[in-house]
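Below is one structure, written out as structure tokens; comments come after it.
What follows is calculated from the coordinates using simple rules that are stated; it is not laboratory data. As the structure is a prediction and not an experimental result, all values here were calculated from the model.
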Amino acid sequence: MSENNEETTTIGARLKAARTAKGLTIDDLQQITKIQKRYLIAIEDEQFDKLPGDFYVRAFVKQYAETVDLDGNALLEEYRDQLPSVHTETIVENVDEVQPTRVASREQPASPASRVRNYLPTIIVTAIVVLILLFIWFMAVRTHAGSSSSTSADSSSVQVSSSKKQSSSSKASSSAKSSSKASSAKEQTIKANGSSDTAYTLTNGADKNKVVIKSTKAAWTSVTTNDTRTWQGTLKADGSHTLTLPSNATTVKFQFGNATATTVTINGKAFNFNPKNSTSQVRTITLTIK
């Protein structure tokens, strides 16, 4: 009896128990974390020498823990005696090979052409500043001359000009209102493709759609745009991540490791990707943008 209690207190047994409690298999965990199956098995068996290195041991254990709703940092601290410590490797350059080259470069005298090249950026910047100042002075003189000429015009021409401006302003205002009505008539919609609960279509979205992913528990999520990975990571409890899709996005694939604890909004509007209240935690949703 004591031997069983001691076994379940090891980090590998604790992680395996948490995974089993969530109903996840090793293959499910591999798909969510993208950690190779053989490394996940090695972690559960506490065969840490089979992992690529000491750094990966702690990193993989933390990601494994957060995926099965455990506190990764607290777990690493609790079992730090069972885990290998991370050592920093220092790379020392060969001073004997580098130093002579630097000394030789300092001993070579600078030629006149090289001195000119050194000052060339300063000369170019100075010339650009002078040209800008001359242009500003020219525009100020021209504006002053134009304002003097306009003050000598008779009052009737001023009144005609004012009436034309008012007419133009009213036309612009009515055009802006009609444009605003036309744009407001096109509201963003997200609808399922037929009876599917994994394929949806977004219409009347933004040029660059803003996506906000939130989770009430630790949850791994991946976003792929046009078959290119846009973002993936594990959100902590009550965490969120915001990303902007490119303007040429036509297909977006969401992969959720804990779908029941995850919500998504697009351009500030909720994306209900689980209308049938599925209890499956690992889900893949495809969104077509038109």
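Pairs spanning more than 24 Å between alpha-carbon atoms, out of Lys208/Lys236; Lys191/Lys269; Lys208/Lys276; Lys186/Lys217; Lys217/Lys269: Lys208/Lys236; Lys208/Lys276; Lys186/Lys217.
The amide H of Gly239, built 1.01 Å from its N in the peptide plane, has Ser215 as neighbours under 5 Å, considering only residues 5 or more places off or on other chains.
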